[in-house]
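Everything below concerns the one structure shown next.
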Amino acid sequence: MYMKIYSKNIYTDEGKKSGVLEFNDKIIGIKDGDYDIDASDLLVIPGIIDTHNHGYGGYDLMDDGEKDKEKTIRGYLDALVRCGVTGCLPTANESYFKDIAKIYKGTYSGARILGIHSEGPYLNRTGENGIKEEPLKIDLDHIKEMVQDGDGLLKLVGIAPELDGAFEVISYLKDKGIKVAMAHTDIDYKGALRSFDQGISIITHTANVMTGIHHRHMGALGAALLSDKVDNELIADGLHVSNEMIEIMFRVKEKAYDRFILVSDNIALAGMPKGKYHISDMDVEITDDGYLLTDTGRLFGSSMPVIKGMKNLHDNLKISIEDLIKMSSSNVARIYDLKGKGHIRRGYDSDIVIIDQDFNVIYTIIDGNIIYKA
């Protein structure tokens, strides 16, 4: 679709511009003249790319018992556009990999599938005084099956690098061109640095479910912030990591706004109305503030999309729109080598989000087509 949108706030690589953004499936440029949509005081930004997202709007990619997985995936992709996500790495149970690959090869609506993210299954759920669970024993043949089921789409695998056999898995995945993340780990500082040398290049939801910083023991978090070998996911809702800690992390990490990736870590209840729910054999509640808590008050996954994290960082830490765009779009495109994505730039894909000054999504545009209008 050929379209022209007028705005005084078009965020390009050359800075904020005023004018008429002209595009079809690709960005054509900015000029003066007539237009189809008047978005005068709205913000026109690159589409959000969420690389860590388990579900949205009631659609659960972690439910191994779901019979109609294809319907669930399609519903999930359609739901994501409501929060400005134009591309994603569905972070799914491996039983969904074949169906994701099948949909990717065909015709579908909603957010674009840009790969698959497997958070695990070889994790060590400790750190932060979490509940100790016995980790699975690593099976390299199983990892190879995951890669095969992904049919070329598997882009990221999270692993606890202290587990026996982890380095062999890291080496195998790295040779396949698949990035490996340090995830759900009880590893110490020196062990984390060794895993980075082996090929770990992403930190899963930095600060969450990992050994933290003590003034005598820097932990996995210290390694993640001091090393220039890794890029860092961040759930920026202000609760998973306090705003004060986020500010410390941004100050410590060299060129932080170029090295952090905003992710949602959403589960199926994200985007649902506040109230009480039953999921995974647990009673949970979405609070008035939109947080997802168990009946004990403990966090149960994430219910806030990336756009809400952007609002939090902008309003409370005074992060500029330009730096938010880096962390929500352009950094992601660079790190995962997503050609034509992550920028409002001539010749790039017309994946665009239009938001108001309060970070409400007004339009989501994918490949030049309006997919969502508030």
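The values are calculated or read from the model by the stated rules, or taken from the named source; none is laboratory data. Values in this document were obtained by computation on a predicted structure and should not be read as measured data. Note that we place each Cβ from the backbone using ideal geometry, even for glycine, and neighbour counts take in every protein chain shown.
Among the residues making up region 70-110, those that are small (Gly, Ala, Ser), closer than 22 Å to Gly120 by Cβ and part of a helix (DSSP H, G or I) are Ser95, Ala101.
For (1) at pLDDT 95 or above; (2) assigned by TED's automatic domain parsing to the domain that holds Met62; (3) surrounded by fewer than 22 Cβ atoms within 10 Å (Cβ to Cβ), each residue gets a yes or a no:
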{"site": "Leu123", "(1), (2), (3)": "yes, yes, yes"}
{"site": "Gly127", "(1), (2), (3)": "no, yes, yes"}
{"site": "Leu154", "(1), (2), (3)": "yes, yes, no"}
{"site": "Tyr172", "(1), (2), (3)": "yes, yes, yes"}
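Residues that are over 13 Å from Ile48 (Cα atoms) and either under 18 Å from the mean Cα position of the chain (by Cα) or not in a loop (DSSP other than H, G, I, E, B) (or both) within region 350-364 comprise just one, Ile362. Condition first: at pLDDT below 95 and in a strand (DSSP E or B). Can you find one or more residues in region 14-25 that meet it? Looking for residues that are at pLDDT below 95 and in a strand (DSSP E or B), one finds at least one in region 14-25, hence yes. Can you confirm whether region 28-49 contains a residue that is crowded, with 23+ Cβ neighbours inside 10 Å, touching a strand residue (DSSP E or B) at 6+ places or on another chain (Cβ under 6 Å) and of a type in the set (Asp, Glu)? There is no residue in region 28-49 that is crowded, with 23+ Cβ neighbours inside 10 Å, touching a strand residue (DSSP E or B) at 6+ places or on another chain (Cβ under 6 Å) and of a type in the set (Asp, Glu). The lone criterion from (1) surrounded by fewer than 19 Cβ atoms within 10 Å (Cβ to Cβ); (2) touching an Asp or Glu at 6+ places or on another chain (Cβ under 8 Å); (3) under 19 Å from Leu43 (Cβ atoms); (4) of a type in the set (Val, Ile, Thr) left unmet by Ile370 is number (2). Scanning region 95-121 for residues that are charged (D, E, K, R) and either out of contact with any His (no Cβ under 9 Å at 6 or more places or on another chain) or surrounded by 23 or more Cβ atoms within 10 Å (Cβ to Cβ) (or both) yields Lys98, Asp99, Lys102, Lys105, Arg112. Tell me, which strands (runs of 3 or more DSSP E) lie completely within region 223-340 with 2 or more residues that are outside the structural domain of Asp13 (by TED's automatic domain parsing) and at pLDDT 95 or above? So the answer is 231-235, 260-263. Please specify each residue of region 26-53 satisfying the condition of being more than 29 Å from Glu233 (Cα to Cα) and of a type outside the set (A, V, I, L, M, F, W, C). Answer for region 26-53, where residues must be more than 29 Å from Glu233 (Cα to Cα) and of a type outside the set (A, V, I, L, M, F, W, C): Gly29, Lys31, Asp32, Gly33, Asp34, Tyr35, Asp36, Asp38, Ser40, Asp41. Against the conditions (1) in contact with a strand residue (DSSP E or B) (Cβ under 6 Å, 6 or more places away or on another chain); (2) touching a residue at least 40 places away in the same chain (Cβ under 8 Å), Thr294 satisfies every one except (2).
Of the residues screened, Lys67 is not one that is surrounded by fewer than 21 Cβ atoms within 10 Å (Cβ to Cβ), part of a strand (DSSP E or B) and on the phi < 0 side of the Ramachandran plot.
Note on region 233-266: residues that are surrounded by fewer than 23 Cβ atoms within 10 Å (Cβ to Cβ) and within 12 Å of the chain's Cα centre (by Cα) total 0.
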